[in-house]
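Data first, discussion second: the structure below is written as structure tokens.
The values are calculated or read from the model by the stated rules, or taken from the named source; none is laboratory data. Just so it is clear, the structure is predicted and the values come from calculations on it, not from any experiment. We place every Cβ from the backbone using ideal geometry, glycine too, and count neighbours over all the protein chains shown.
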Amino acid sequence: MHIDKSYQEIFVANKKWVERKNNENPDFFSHLATEQNPDYLYIGCSDSRVHANEIMGLEPGQVFVHRNIANMVVNTDLNALSVINYGVEYLSVKYIIVCGHYNCGGIKAAMQPRDMGILNPWLRNVRDVYRLHEKELDAIEDPSDRYNRLVEINVYEQCLNVIKTAEVQKSYLEKGYPRVAGWVYDLNEGVLIDLKIDFEKELNRIRKIYDLTKGK
Ligand code: CO
């Protein structure tokens, strides 16, 4: 079977990769094994076509990664919140990036009103983003433009969700990092687009209601 062959090829490819890395730098693995010191926490979509290190041109050890369907930061998701906590408090990352992408299946599914079974509660979070920005989105006539815009707006809302966390607010006020950035990856061109979210402005706005820097 074709899949069995390609499964075995993974281990062959891995051996070649180890050889190549050792040839380039004999200390590569021993250095990486001792510690990680990434400046970036990347929160992206699980989509197989969007690979954090590759699109950012970064090597192992340079980016801490969390991925899920539609790059969501959900308040009750212990997985994402643990990654953010560890990234901020133990790795002292300088940037937290939420990266969405055009042609995102998760966003597309959320735009279709139908029962998706176990995916319903997850997609609800994207549908809530749609409802928050319903006026702007419904004014866009072309369905693919509306879909692309929801990808961008969703990134923006997930950045706000990152800013709503106590560790991000406290760390930024005490140390000046991390900053939060929103990106979209354009699959058609391979290009990363910075949505240029004004972090300071959004932080101040969020703190009016969600200030978690006091107490405890
Ligand atoms: Co996606």
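In segment 76-100, which residue that is within 16 Å of the ligand (Cβ to nearest atom) and among the aliphatic types (A, V, I, L, M) is farthest from residue 44 (Cα to Cα)?
80
Take the residues of segment 57-93 that are among the aliphatic types (A, V, I, L, M) and in a strand (DSSP E or B): which is surrounded by the fewest Cβ atoms within 10 Å (Cβ to Cβ)?
That would be 65.
With in the same structural domain as residue 78 (by TED's automatic domain parsing) and on the phi > 0 side of the Ramachandran plot as the only criterion, which of 103, 125 stands out?
103
So, residue 205, is that one in the same structural domain as residue 104 (by TED's automatic domain parsing) and touching a helix residue (DSSP H, G or I) at 6+ places or on another chain (Cβ under 6 Å) or not?
So residue 205 fails the test.
Condition check ((1) closer than 19 Å to residue 44 by Cα; (2) among the polar types (S, T, N, Q)) across all residues:
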position: 144; (1), (2): no, yes
position: 148; (1), (2): yes, yes
position: 155; (1), (2): yes, no
position: 160; (1), (2): yes, no
position: 171; (1), (2): no, yes
position: 176; (1), (2): no, no
position: 179; (1), (2): yes, no
position: 194; (1), (2): yes, no
position: 201; (1), (2): no, no
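Let me confirm something: among 71, 103, which residue is within 16 Å of the ligand (Cβ to nearest atom), touching a Gly at 6+ places or on another chain (Cβ under 6 Å), of a type in the set (S, T, N, Q) and in contact (Cβ under 8 Å) with a residue 40 or more places away in the chain?
Of the residues listed, the single one that is within 16 Å of the ligand (Cβ to nearest atom), touching a Gly at 6+ places or on another chain (Cβ under 6 Å), of a type in the set (S, T, N, Q) and in contact (Cβ under 8 Å) with a residue 40 or more places away in the chain is 71.
Is it true that residue 123 is among the hydrophobic types (A, V, I, L, M, F, W, C) and either within 16 Å of the ligand (Cβ to nearest atom) or exposed (fewer than 14 other Cβ atoms within 10 Å of the Cβ) (or both)?
yes
Scan segment 33-63 for residues that are within 16 Å of the ligand (Cβ to nearest atom) and under 18 Å from residue 21 (Cβ atoms) and report the count.
Looking only at that region, the number is 2.
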